[in-house]
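The values are calculated or read from the model by the stated rules, or taken from the named source; none is laboratory data. Here the structure is a predicted model, which is why all the values come from computation and not from measurement. Positions of Cβ are backbone-derived with ideal geometry, glycine not excepted, and every protein chain shown enters the neighbour counts.
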Amino acid sequence: MLLEVTLSGVTLGGMYALVAMGLTLQYGVARIMNLSYGELLIAAAFAALWFYSGLALSPLLGLLVVPPLAFALSYAIYRILLQPLVRRAKTRDALEVDSILATFGLLFVIQGVMLAVFGGAYYSYSFLSIPLNIAGATVAANRLLALVLAVVIGLGLYLALTRTRLGTAVRAVAVDPVAAQLVAIDVRTASALAFALGGALVAAAGVLVSMFLTFNANLGVVFTLKALVVVIMGGVGNLLGALIAGLILGLVENYVAVFIDPGLTLAATYAIFLIVLLVRPQGLLGRSSR
Amino acid sequence: MLEVAHLSVQYGRHRAVDNVGLTVGAGEIVVVLGANGAGKSSVLKAVAGLQRPGTGTRVTLGGRELVGLPAHTIVEAGLALVPEGRGIFGELTVRENLLLGAFARRARADEDRNRARVLALFPRLAERLEQTARTMSGGEQQMVAIGRALMSAPEFLLLDEPSLGLSPLLCGELFRALERIRGDGISVLLVEQNAKRSLAIADRGYLIENGRVVGAGRAADLARDPAVQRAYLGGTRQG
Ligand SMILES: Nc1ncnc2c1ncn2[C@@H]1O[C@H](COP(=O)(O)OP(=O)(O)O)[C@@H](O)[C@H]1O
Ligand SMILES: [Mg+2]
């Protein structure tokens with residue numbers, strides 16, 4: 001029982017970590033606090049559903065198609081909607097406020113379209129819902145697959161950001177956008193790419209989530225909030241911190257839901273969040289000044 | 001040759017730099033001396049593209065107009081700035097700082113040779129490649145900043161008060177390094193308050209006060225000039 005709950009907690013935590021890594025890219029690098037972030041996750045989940053039930057294609061194929069589309073969409077959103085805000089913002093703080101307002105509007109646009117098409121009903125599909133036996137615990141194959149894919153994607157992103165010059169350049173923009181220009185980095189393009197990459201990541205998470213969770217058109221906000229909690233818990237801009245915080249959150253939520261009361265999951269989330277904020281305001285792996 | 005003419009910088013209604021002209025020839029070290037607030041940093045920022053200069057300003061590098069180009073393009077043109085406060089990536093390691101120094105396309109072909117040169121110039125960096133830059137001493141951080149700028153294979157290296165906050169011993173090391181950099185064929189435009197040491201290594205110098213050039217000449221002559229000695233080489237300044 002404990003192992004089963006732990007495994008499903010780790011899977012959920014892996015999703016949170018992936019989602020938080022994407023938000024870290026959007027917020028840490030491009031300085032856009034994207035309140036419509038979770039909407040893209042739900043949109044990707046619906047896209048995967050349509051792939052599976054509408055086109056009879058595997059959601060794994062969706063994983064190859066949907067994130068690149070989300071990348072292109074996010075890139076366009078950045079260039080068309082957000083770049084004018086970037087251009088006129090006097091400071092990064094001013095940009096943060098502007099981006100919150102703009103993406104708040106975007107949230108309702110995307111959510112409104114999804115509600116119009118799918119209504120408020122809950123959806124799910126049964127893909128690979130084969131029970132697997134791991135050391136006496138029963139886990140659905142789709143969950144395990146989602147976890148493995150999340151690990152692969154997360155690890156790949158981590159390596160790309162830490163082991164390549166381009167990835168290092170993206171992190172450098174987060175550290176110091178002025179100094180980044182002095183090493184010939186085109187900060188605007190780097191920000192657009194980071195924002196788009198964040199969008200691709202949350203879309204990948206959406207496809208994976210749809211393989212084992214039920215979802216509806218209203219659920220985006222929940223994922224945006226969880227992503228925010230995980231990013232702040234892990235330390236803003238810290239990828240490893242996002243990974244650890246995501247896993248902690250997934251595990252605690254599952255333990256609380258199973259062993260205490262499902263109604264207390266959200267309360268537990270915010271309890272950990274508050275504890276971290278009080279004890280380590282800079283986040284688990286964050287630096288005291290950034 | 002780097003040529004700056006009719007350079008002005010305006011902050012709101014405050015004119016910080018007014019009609020400044022200066023040149024840096026190939027293989028020269030040129031120093032710009034001036035007190036705090038004279039407008040030295042504004043000049044360098046305008047040349048590097050970090051600050052928009054006033055209309056009429058002309059900055060050319062080997063004949064190519066730089067005014068209006070974004071800062072990242074100016075690096076590609078062959079000009080590297082070590083800004084005031086160093087501007088290194090504190091959260092990244094020394095290795096990553098140097099790696100990014102060579103982000104410019106112009107830097108890729110000679111990257112290995114430039115890295116070897118930088119590490120020969122600052123052997124301490126070779127021992128500290130995996131250290132997070134922010135945890136290093138002030139002198140070491142300055143080496144990272146200069147090393148990162150050199151990795152972009154510049155023709156012109158601009159430095160904004162690199163000796164600020166360094167001990168006399170480290171200051172000596174720094175100015176010797178600048179002479180070696182010139183020896184490698186890189187021209188240096190140096191902004192300083194440490195007049196004695198900088199004039200000792202420079203070929204020529206400019207004096208700047210309240211945003212205007214108030215004097216210019218060969219470094220050796222400036223060092224002997226009584227007015228310069230009174231203003232910049234007084235007993236209160238370390239040297
Ligand atoms: N970003 C800015 N906004 C407003 N005023 C500035 C700004 N930067 C510099 N100044 C002003 O311009 C003048 C010249 O500054 P600066 O170029 O930094 O001089 P220096 O480098 O010689 O100390 C000073 O009066 C300073 O207060
Ligand atoms: Mg200055």
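Does A:L274 count as touching a residue at least 40 places away in the same chain (Cβ under 8 Å) and in a helix (DSSP H, G or I)? In short, no. Do we have any residue at all in the stretch B:98-114 that's more than 30 Å from B:Q10 (Cβ to Cβ), away from every other protein chain (no Cβ under 11 Å) and part of a loop (DSSP other than H, G, I, E, B)? Yes, the stretch B:98-114 contains at least one residue that is more than 30 Å from B:Q10 (Cβ to Cβ), away from every other protein chain (no Cβ under 11 Å) and part of a loop (DSSP other than H, G, I, E, B). Can you tell me how many residues within the stretch A:227-261 are surrounded by 20 or more Cβ atoms within 10 Å (Cβ to Cβ) and not in a helix (DSSP H, G or I)? Result for the stretch A:227-261: 3. Could you tell me whether any residue of the stretch A:187-196 is surrounded by fewer than 22 Cβ atoms within 10 Å (Cβ to Cβ), over 30 Å from B:H72 (Cα atoms) and not polar (S, T, N, Q)? Among the residues of the stretch A:187-196, not one is surrounded by fewer than 22 Cβ atoms within 10 Å (Cβ to Cβ), over 30 Å from B:H72 (Cα atoms) and not polar (S, T, N, Q), which makes the answer no. Find the residue count for the stretch B:19-44, including only residues that are away from chain A (no Cβ under 14 Å) and within 14 Å of B:V4 (Cβ to Cβ). Matching residues across the stretch B:19-44 total 14. Counting only helices (runs of 4 or more DSSP H) that sit wholly inside the stretch B:156-239, those with at least 2 residues that are in contact with a strand residue (DSSP E or B) (Cβ under 9 Å, 6 or more places away or on another chain) and over 29 Å from B:D18 (Cβ atoms) are B:168-183. Every condition in (1) in a helix (DSSP H, G or I); (2) within 11 Å of another protein chain (Cβ to nearest Cβ); (3) within 16 Å of ligand 2 (Cβ to nearest atom) holds for B:G87 except the one numbered (1). If a residue must be in contact (Cβ under 8 Å) with a residue 12 or more places away in the chain, charged (D, E, K, R) and within 11 Å of ligand 1 (Cβ to nearest atom), how many such residues does the stretch B:1-17 contain? So the count comes out to 1.
If I ask for residues that are assigned to a loop (DSSP other than H, G, I, E, B) and without any contact (Cβ under 8 Å) to a residue 24 or more places away in the chain, which ones from the stretch B:132-155 would you list? First the steps, then the outcome.
Of the residues in the stretch B:132-155, the ones assigned to a loop (DSSP other than H, G, I, E, B) are B:136-137, B:151-155.
Within the stretch B:132-155, B:S137 is the sole residue that qualifies.
Evaluate the stretch B:34-43: report whether one residue or more is more than 14 Å from ligand 2 (Cβ to nearest atom) and either in contact with a helix residue (DSSP H, G or I) (Cβ under 8 Å, 6 or more places away or on another chain) or at pLDDT below 95 (or both). The answer is no; no qualifying residue exists. Only one of the numbered conditions (1) part of a loop (DSSP other than H, G, I, E, B); (2) within 16 Å of ligand 1 (Cβ to nearest atom); (3) in contact with a Gly (Cβ under 8 Å, 6 or more places away or on another chain) is violated by B:S42, and that is (1).
Scanning the stretch B:71-81 for residues that are more than 16 Å from ligand 1 (Cβ to nearest atom), within 7 Å of chain A (Cβ to nearest Cβ) and either free of Cβ contacts under 8 Å to residues at least 60 places away in the same chain or closer than 12 Å to B:T135 by Cα (or both) yields B:H72, B:E76.
Condition first: within 25 Å of A:L240 (Cα to Cα) and among the acidic types (D, E). Now tell me which residues in the stretch B:76-100 satisfy that.
If we filter the stretch B:76-100 for residues that are within 25 Å of A:L240 (Cα to Cα), which is where we start, we get B:87-100.
Across the stretch B:76-100, the qualifying residues are B:E91, B:E96.
Close Cβ contacts (under 7 Å, 6 or more residues apart or on different chains) running from residues in the stretch B:202-231 that are under 17 Å from B:A16 (Cα atoms) to residues that are within 16 Å of ligand 2 (Cβ to nearest atom) and hydroxyl-bearing (S, T, Y) comprise B:V213/B:Y206. The condition of being modelled with pLDDT of 95 or more and under 14 Å from the mean Cα position of the chain (by Cα) holds for B:V191.
Quick check on this structure: which one of B:E28, B:E84 is in contact with a strand residue (DSSP E or B) (Cβ under 8 Å, 6 or more places away or on another chain), of a type outside the set (A, V, I, L, M), touching a residue at least 60 places away in the same chain (Cβ under 8 Å) and within 14 Å of ligand 1 (Cβ to nearest atom)? None of the other options fit; the residue is B:E84. B:A71 falls short on exactly one of the conditions (1) surrounded by fewer than 19 Cβ atoms within 10 Å (Cβ to Cβ); (2) more than 16 Å from ligand 2 (Cβ to nearest atom), and that condition is (1).
Of the helices (runs of 4 or more DSSP H) lying entirely inside the stretch A:115-226, those containing at least 1 residues that are closer than 30 Å to A:I272 by Cβ are A:141-163, A:165-175, A:187-210. Considered as a group, the residues in the stretch B:45-63 that are part of a loop (DSSP other than H, G, I, E, B) and within 14 Å of chain A (Cβ to nearest Cβ) include one that is nearest to ligand 1 (Cβ to nearest atom), and that residue is B:Q51.
Taking the condition away from ligand 2 (no atom under 16 Å from the Cβ), more than 18 Å from the chain's Cα centre (by Cα) and in a loop (DSSP other than H, G, I, E, B), does B:L129 pass? Steps first, please.
Numbers: away from ligand 2 (no atom under 16 Å from the Cβ): yes; more than 18 Å from the chain's Cα centre (by Cα): yes; in a loop (DSSP other than H, G, I, E, B): yes.
Spelling it out, B:L129 is indeed away from ligand 2 (no atom under 16 Å from the Cβ), more than 18 Å from the chain's Cα centre (by Cα) and in a loop (DSSP other than H, G, I, E, B).
Quick check, is B:G165 away from ligand 2 (no atom under 16 Å from the Cβ) and either crowded, with 17+ Cβ neighbours inside 10 Å or free of Cβ contacts under 8 Å to residues at least 40 places away in the same chain (or both)?
Taking the combined requirement at face value, the residue does not satisfy it.
Restricting attention to the stretch A:61-76, the residues that are in contact (Cβ under 8 Å) with a residue 60 or more places away in the chain and closer than 17 Å to A:V152 by Cβ add up to 5.
Among the residues of the stretch A:171-197, those identified as touching a Ser or Thr at 6+ places or on another chain (Cβ under 7 Å) and more than 14 Å from chain B (Cβ to nearest Cβ) are A:F195, A:A196.
Of all residues in the stretch B:143-162, how many are within 16 Å of ligand 2 (Cβ to nearest atom) and touching a Lys or Arg at 6+ places or on another chain (Cβ under 6 Å)?
Matching residues across the stretch B:143-162 total 1.
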